Amino acid sequence: MHIYKIFLILPIFKTNSFSQNIIFNQSNFLSRSSETRSLVEALNSSIKFEKMVNITIPKVSTFISHSIIDEIKTNLNIEKIDLIIVDCSLSPIQHRNLEKILEVKVIDRTQLIIEIFGLRATSSEGKIQVELANLNFQKTRLVRSWTHLERQRGGLGKVGGPGESQLELDKRIIDNKIVQIKKQLLKVKKTRNIQRKRRTDISIPIFSLVGYTNSGKSTIFNKLTSSQVLVKDMVFATLDTKMSLVNLPNQNKILLTDTVGFISALPTELISAFNSSLEELFSADFLLLVHDLSNPNIENQAHVVLQTLKQIGFSDDDLKNKIINIFNKIDLNSEMPDLNIYNKNKFIMTSATTSMGLTDLKKYIENKIIGKNHIVDFFISITSDYIFTWLFKHSHVLLERNKENSYNQRIIRVKISSHQLDKFKSFFPEIKIKFI
């Protein structure tokens, strides 16, 4: 297998007074650059040259100065380089000009992450989501620059109208593909909604693992569910959402889901494309936010995850009520530092690889779901068979008896979740209930 030779450019920005999409500061640069190297290695690549570039104001046309470009060209002549990676978001003009001057393929951080997603996606849904992200990105790269884009193209209506330029044709082809893929994802979304409703109907609490990439979510998932989700010490080892039942100590059960890991500056194209997968998080009763306790940049990673959750639609109240922190990898760092992390008082410490803390995690989860269940008496007319059917389907019936001095009303005592109780109240507001 060919190992791609990479020239990696790591910008260090000295000011925030410009419109590049990604802004670094000195304090998190080392962690960020280490993360980028991991991303590059995930492409089956070898970094032959690495250049840290101080940027005060990026050049509009080429991002970096011509003196830096000349230095890079000198290194390119030493060894055949397959690819130059710039660890930030380049504008279409910057991207085009760098490739033209350096005469080698150039990609930015967004393209790098999309490429890795393309390699990791295994399900048909994952593959079309990555394809959508790539098309949305490529659409922004179509600029009036190359000679072939300026040619006028006449011809049949199906190919292009009279005088249609190559650029316009390229955009139309991409737009048509995007429409087709969105139709496919809409079908996936409808199927997911049906499956989600079925899971809600059976009243099994749902817990979703979320967190920064490579924090240990999939290892925890495997240990709790006895599954075999791919686990590797690499970024984005898991892309496709997995779910499985977990048996808790007192014969209770939950449904556990494992989702794609987040990363700093996760491309908006990917967030949009993976929307149908990320929507699974909204049906979760709790979010198990997994942190890598051995990572010195843990606070910044937690902030990235939190901001991404807000970006996809979670409110502050949602996060406050749903987030449970899991500080993982205590085998690598057993001390709990004073961290500025959301909901930090709701936490469990684990080591997924050694199984330390996983029993405590199960007990913690069980206490949470017991707290969300209620014992309730329902006073129902004996002729209301459809209400009896609903309760038997959506709750655990504990006993039935006739109401004293009444032959046409029964009392049904059930154990029911808060979620299902709210649904019952909305469906049957006329029914009298009593908490036990």
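Bear in mind these aren't lab numbers, they're just calculated from the coordinates by the rules spelled out. Given the structure is predicted, the values throughout are model-derived calculations rather than measurements. With ideal geometry, Cβ positions are generated from the backbone for all residues, glycine too; neighbour counts draw on all protein chains shown.
How long is the gain from I47 to K425 if the chain were fully straight, where each residue apart is worth 0.36 nm and the alpha carbon distance is subtracted?
In short, 130.0 nm is gained.
Straight-line reach from K187: which lysines fall under 22 Å, measuring Cα to Cα and dropping same-chain residues less than 8 apart?
Within the straight-line cut-off, K187 pairs with K127, K177, K197, K242.
List every residue whose amide H lies under 5 Å from the amide H of M356, counting only residues 5 or more places away in sequence or on a different chain, with H placed 1.01 Å from N in the peptide plane.
S351
Nearest 10 degrees, 0 to 90: what angle lies between the long axis of helix 109-120 and the longest principal axis of the chain (Cα atoms)?
Rounded to the nearest ten degrees, it is 60.
What FRET efficiency do you get for L319 and S124 if R0 is 30 Å and r is their Cβ-Cβ distance, rounded to the nearest 0.05?
The computed FRET efficiency comes out at 0.40.
Do any GluC sites (Glu not before Pro) in the range 386-436 lie in a loop, going by DSSP, with at most 12 other beta-carbon atoms within 10 Å of their beta carbon, and if so which?
Those satisfying the criteria are E404, E430.
Between T191 and E103, what length in nm is gained on full extension when 0.36 nm per residue of separation is reduced by their alpha carbon distance? Walk me through the numbers before you get to the answer.
On the way: separation 88, 0.36 × 88 = 31.68 nm, distance 4.63 nm.
Here the answer is 27.0 nm.
I'd like to know which of I173, T389, F314 lies farthest towards the positive end of the charge dipole of the chain, counting +1 on Cβ of Lys and Arg and -1 on Cβ of Asp and Glu.
Farthest along the dipole direction, towards plus: T389.
Please state the charge dipole magnitude for the range 372-435, taken about the Cα centre, from unit charges on C-beta atoms (+1 on K and R, -1 on D and E), reported in debye and rounded to the nearest 20.
Working: 11 positive and 6 negative charges, 40 e Å.
Approximately 200 debye in magnitude.
So if each residue of separation counts as 0.36 nm, and I subtract the Cα-Cα distance between K363 and R401, what length gain in nm does that give? Before the final figure, lay out the partial values.
On the way: separation 38, 0.36 × 38 = 13.68 nm, distance 3.39 nm.
Stretched out fully, the K363 to R401 stretch lengthens by 10.3 nm.
Using only Cα atoms, what is the ratio of the radius of gyration of the chain to 2.2 N^0.38 Å?
1.22
Out of every Cα-Cα pair in the range 371-436, what percent are more than 18 Å apart? Could the numbers behind the result be given before it?
Values: 570 of 2145 pairs.
Beyond 18 Å sits 27 percent of the P(r) for the range 371-436.
Between the range 97-115 and the range 345-384, what is the separation of their alpha carbon centroids in Å?
Taking the Cα centre of each part, the range 97-115 and the range 345-384 sit 49 Å apart.
Residue by residue through the range 252-267, which ³J(HN,Hα) values in whole Hz follow from phi under the Karplus form 6.51 cos²θ - 1.76 cosθ + 1.60 (θ = phi - 60°), with glycine and proline marked x?
7, 9, 10, 9, 9, 10, 10, 10, 4, x, 8, 8, 4, 6, 4, x
Sticking with the crude label model, points 7 Å out along Cα→Cβ, report the distance from L30 to S272 in nm, one decimal please.
Those two pseudo-labels are separated by 3.8 nm.
Averaging sequence separations of C-alpha pairs under 8 Å and six or more residues apart, then dividing by the length of the chain, give the relative contact order as a whole percent.
Reported relative contact order: 11 percent.
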